[in-house]
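> This is the structure I have questions about; it appears just below.
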Amino acid sequence: MKISKTLATLSLTAVIIAVLSACAPTVNLDAAPKANDPACAEVSVRLPDVIDTHQKRVTNAQATAAWGEPTAVIVRCGLEPVTVSTLSCVSAGDVDWLVDDSQSPSFRFITFGRSPATEVIVDSTAIAGVTALEAVADAVQNIEATKTCSE
């Protein structure tokens, strides 16, 4: 009798989880050219489940992640490395990031001196860029820096 109740409870829990997951549609993203690099897998498995108050969502592309509904933060690993740029460079979470503000209030941050590169796109109306960068920095640090902004 107890086993039947336990199985019924587990089944109900599974149905609830399936229904709730269906409420959050998949975020459609394009994988970066080097998304299959093993270093991107190391980044992907270490990304946080929550950034600020934004929950991680399901994406449809390798080495990508997204948080928030509507989407507030997007991460894509597997871009060509950047070691020279005219964009401003900032450090957040012990990672150097190039800042592309050309689509403000959406900001694009790209790792500097790491191969492959990782980009983080932030909707600054929903979350501060530095908050997002610091949240993903531990994962991104798994790709060794070969150059810094100050070099």
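Every number here is computed from the coordinates shown, using simple stated rules; none is lab data. Since the structure is predicted, the reported quantities are computational estimates derived from the model, not experimental observations. Cβ: placed from backbone, ideal geometry, glycine included. Neighbour counts: every protein chain shown.
> Translational diffusion coefficient, Stokes-Einstein: compute it for the stretch 99-139 using the Kirkwood radius over C-alpha pairs as Rh, at 10 °C and 1.306 mPa s, and state it as an integer in µm² s⁻¹.
The estimated diffusion coefficient comes to 150 µm²/s.
> Peptides 119-131, 71-83, 96-108: what's the order by average Cβ count within 10 Å, highest mean first? Please report the intermediate quantities before stating the final value.
Working: 119-131: 17.7, 71-83: 20.8, 96-108: 15.9.
Put in order of decreasing packing, that is 71-83, 119-131, 96-108.
> Based on other C-beta atoms within 10 Å, arrange Ile51, Ile143 from fewest to most.
Ile143, Ile51
> At a 10 Å Cβ-Cβ cut-off, how would you order Thr59, Thr111, fewest neighbours first? Walk me through the numbers on the way to the answer.
Details: Thr59 20, Thr111 27.
The most exposed by this proxy come first: Thr59, Thr111.
> Taking K and R as +1 and D and E as -1, what net charge do the other residues with C-beta under 14 Å from the C-beta of Ile143 add up to?
So the surrounding residues net to -3.
> With each label point set 7 Å from Cα along the Cα-Cβ vector, what nm distance links Asn28 and Asn60?
With each label placed 7 Å out from Cα toward Cβ, I get 0.5 nm.
> While we're on this one: Residues in the stretch 44-85, backbone N under 11 Å from the label point at Thr146 (7 Å along the Cα-to-beta-carbon vector): list them, ranges by number please.
Within reach of a label on Thr146: 81-83.
> Suppose we take every Cα in the stretch 26-140 and form the convex hull; what volume per residue is that in Å³?
It is 90 Å³ per residue.
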